[in-house]
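The values are calculated or read from the model by the stated rules, or taken from the named source; none is laboratory data. For clarity, every value in this text was computed on a predicted model and none was experimentally measured. Neighbour counts are summed over all protein chains in view; Cβ atoms, including those assigned to glycine, are modelled from backbone coordinates with ideal geometry. Just the protein is used for accessible areas: all its heavy atoms, side chains included, with ligands, DNA and RNA removed. Shrake-Rupley method; radii C 1.70, N 1.55, O 1.52, S 1.80 Å.
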Amino acid sequence: MTDALAASGNPGEIEPIYHDPPLRSLAESALRLSVPRRALLGIVGEPGAGKSTFAEQLLTEIEAIRPGVATAVSMDGFHLAQRVIDRMGMSRDKGAIETFDAYGFVAMLRRVREETDHTVWWPDFSREIEDPVAQSLEVAPHHQVVIVDGNFLLADEPPWNQVRDLLTETWFLDAAPAERRQRLMNRYVRYGFSPSSAQMKTDGVDEQTSARIRRTGYSADRILSERRSCSPTTQRAGACRH
């Protein structure tokens with residue numbers, strides 16, 4: 001669950017930042033993907049884009065239409081363990097593409113796609129311990145829509161380049177740069193980073209990761225743009241993007 005959702009306890013309390021088309025329309029589109037077989041819907045975006053919040057909101061909307069047919073999982077469950085990242089000398093680069101079990105992620109996507117007659121258990125990621133938690137999310141036979149969020153769903157290097165073919169569709173969250181970076185820094189401060197350390201992480205590995213994601217993001221099946229904050233001056237100029 002995302003930090004914002006954990007704080008509110010209810011995804012409906014958070015105003016969607018990707019609202020065109022409306023969530024109800026997007027939920028109906030997701031449900032149509034599941035005919036005639038289980039759909040894996042990829043939600044990709046930069047760090048701070050709001051992927052998991054959007055995934056939870058979309059799941060809630062699907063539940064309102066057809067309860068019990070969907071679930072949401074995340075690529076974050078395939079983070080390498082912190083001790084492994086430490087041993088690799090990549091502690092400061094946690095979240096970079098090299099700090100994920102890419103082959104494990106691809107194998108699990110294939111299982112979820114193909115093994116539809118029994119439960120498949122998906123790993124989660126705990127912000128409390130900053131480590132993955134093995135096989136803690138249930139993908140049951142009745143889940144016909146599986147929402148998968150992650151940074152690198154459209155990455156083009158092996159084995160990540162297998163991911164797109166395993167997903168039914170991929171939607172790219174085109175985040176507003178300033179808002180995305182502010183959300184990211186706020187998140188790190190909540191995790192206990194000092195403001196300067198949060199700024200350093202945002203400007204460092206996260207900015208490099210963002211560039212990698214944006215390079216392939218616009219090849220997604222659908223692009224959803226974040227509404228931009230608008231000052232009165234910008235509104236009068238007609239330059240707001242909603």
### Task
For P177, state whether it is surrounded by 13 or more Cβ atoms within 10 Å (Cβ to Cβ) and at pLDDT 90 or above.
yes
### Query
Is it the case that some residue within the range 96-105 is among the polar types (S, T, N, Q) and free of Cβ contacts under 8 Å to residues at least 40 places away in the same chain?
yes
### Task
Return the residue satisfying two criteria in turn: it lies in the range 154-174 and is of a type in the set (S, T, N, Q) and closer than 21 Å to E115 by Cα, and of such residues it is least open to solvent (accessible area, probe 1.4 Å).
T170
### Task
Could you please find all residues in the range 189-206 being of a type in the set (A, V, I, L, M) and either without any contact (Cβ under 8 Å) to a residue 40 or more places away in the chain or not in a helix (DSSP H, G or I) (or both)?
V189, A198, M200
### Task
Hey, can you tell me all the residues within the range 154-171 that are over 16 Å from G77 (Cβ atoms) and β-branched (V, I, T)?
T168, T170
#### Entry: Exclusive hit being modelled with pLDDT under 95, under 24 Å from A211 (Cα atoms) and among the charged types (D, E, K, R), set R127, R92
R92
### Message
So for the range 137-153 (the condition being under 17 Å from F78 (Cα atoms) and surrounded by fewer than 18 Cβ atoms within 10 Å (Cβ to Cβ)), does at least one residue qualify?
### Response
yes
### Task
Counting only residues that are open to solvent by less than 10 Å² (accessible area, probe 1.4 Å), give me the helices (runs of 4 or more DSSP H) lying completely in the range 39-130 with at least 2 of them.
51-65, 102-114
